[in-house]
Amino acid sequence: MTREKIMTELFEFSSPTYYKWTKQDKRKIFDLLNYAFTNNELEEFIKTGKINKIEELGNQTHFFELAIKFYKTVKHITNFKIAKNLLYILERIYKENSNKIVIEKIAEAIYKSDKELFEKSEKDRNLEVVISMKLALLNLIQKQDLSLLEYICKNRKEIEKNSLRKISNTKYINKIDFSYANIAYRA
């Protein structure tokens, strides 16, 4: 489809009007559309009412916020070190399974990961507490959408870095930081 045809369908006007607006009137909207969108993206919008590139940008922000909440919840349930180790495990399992989320493999890794997930002092402290933490972590992971877990695996470093930054910039602890029952895994 030509740019002219796209614009006439998008604005629902005739070809002469398109030429008048672009050549004589030099309306800025066309400069913006030419700057921001390709012909394929505008055709996609005409056909579907959406542009996947824009949809994905919105999802990135949403996923990032959910990933931060997930990480904070894990830190609340356990501690900072275990939360960080869990993200390493998730990332490792993701890579080992050809960049796919396999809940069974994650569960297996959590149950077998005394050395990798827990420090020696925690492991020796109380076996029941460790098992309880493992169950809580697995329960939390099972409640997550697979696409969020995939996002976490792909962006582990960014999540850790920004989680720390958000904590260091606040003077007070927010109530939401501790109410993990309200965290976004309800979606």
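Take R156 and tell me if it is within 20 Å of N59 (Cβ to Cβ), under 19 Å from the mean Cα position of the chain (by Cα) and modelled with pLDDT under 75. Answer is no for this residue. When L32, L66 are checked against the criterion of being without any contact (Cβ under 8 Å) to a residue 60 or more places away in the chain and not aromatic (F, W, Y), L32 stands alone in meeting it. Of all residues in the stretch 103-121, which are modelled with pLDDT of 90 or more and acidic (D, E)? Within the stretch 103-121, E104, E108 qualify. Of the residues screened, T73 is one that is open to solvent by less than 50 Å² (accessible area, probe 1.4 Å), assigned to a helix (DSSP H, G or I) and under 30 Å from C153 (Cα atoms). Checked against (1) in contact with a Phe, Trp or Tyr (Cβ under 8 Å, 6 or more places away or on another chain); (2) under 28 Å from I141 (Cα atoms); (3) part of a helix (DSSP H, G or I), L86 passes all but condition (1). Give just the number: which of (1) within 15 Å of S147 (Cα to Cα); (2) not in a helix (DSSP H, G or I) does Y94 not satisfy? Every listed condition holds for Y94 apart from (2). Residue check: is L10 out of contact with any Phe, Trp or Tyr (no Cβ under 9 Å at 6 or more places or on another chain) and without any contact (Cβ under 8 Å) to a residue 40 or more places away in the chain? Answer is no for this residue.
Look through K100, K50 and report the one residue that is among the charged types (D, E, K, R), open to solvent by 90 Å² or more (accessible area, probe 1.4 Å), out of contact with any His (no Cβ under 8 Å at 6 or more places or on another chain) and at pLDDT below 90. Full working, then the answer.
On the way: K100 fails: at pLDDT below 90.
The match here is K50.
Would you say E41 is more than 16 Å from the chain's Cα centre (by Cα) and modelled with pLDDT of 90 or more? So E41 fits the description; yes. Contact annotation: residue pairs with Cβ atoms under 8 Å, 6 or more positions apart or on different chains, pairing a residue in the stretch 135-156 that is open to solvent by 10 Å² or more (accessible area, probe 1.4 Å) with a partner that is outside any helix (DSSP H, G or I) and among the small types (G, A, S), are D145/A187.
Can you find even one residue in the stretch 19-36 that is farther than 20 Å from L149 by Cα and open to solvent by less than 30 Å² (accessible area, probe 1.4 Å)? Show your work before the answer.
Our first condition is that a residue be farther than 20 Å from L149 by Cα; within the stretch 19-36, this holds for 19-36.
Checking the rest, the ones that are also open to solvent by less than 30 Å² (accessible area, probe 1.4 Å) come to 30, 33.
Yes, the stretch 19-36 contains a residue that is farther than 20 Å from L149 by Cα and open to solvent by less than 30 Å² (accessible area, probe 1.4 Å).
If you check E65, E43, E55 for being of a type in the set (D, E), surrounded by 14 or more Cβ atoms within 10 Å (Cβ to Cβ) and in a helix (DSSP H, G or I), only one passes: E43. Of all residues in the stretch 20-40, those that are of a type in the set (A, V, I, L, M, F, W, C), assigned to a helix (DSSP H, G or I) and under 18 Å from E55 (Cα atoms) total 2.
Does A83 satisfy the condition of being in contact with a helix residue (DSSP H, G or I) (Cβ under 6 Å, 6 or more places away or on another chain) and within 16 Å of A67 (Cα to Cα)? Answer is yes for this residue.
The values are calculated or read from the model by the stated rules, or taken from the named source; none is laboratory data. This is a predicted model, so every value here is computed, not measured. Please note: Cβ atoms are built from the backbone with ideal geometry, for glycine as well, and neighbour counts cover all protein chains shown. Note: areas computed on protein heavy atoms with side chains; ligands, DNA, RNA excluded. Shrake-Rupley method; radii C 1.70, N 1.55, O 1.52, S 1.80 Å.
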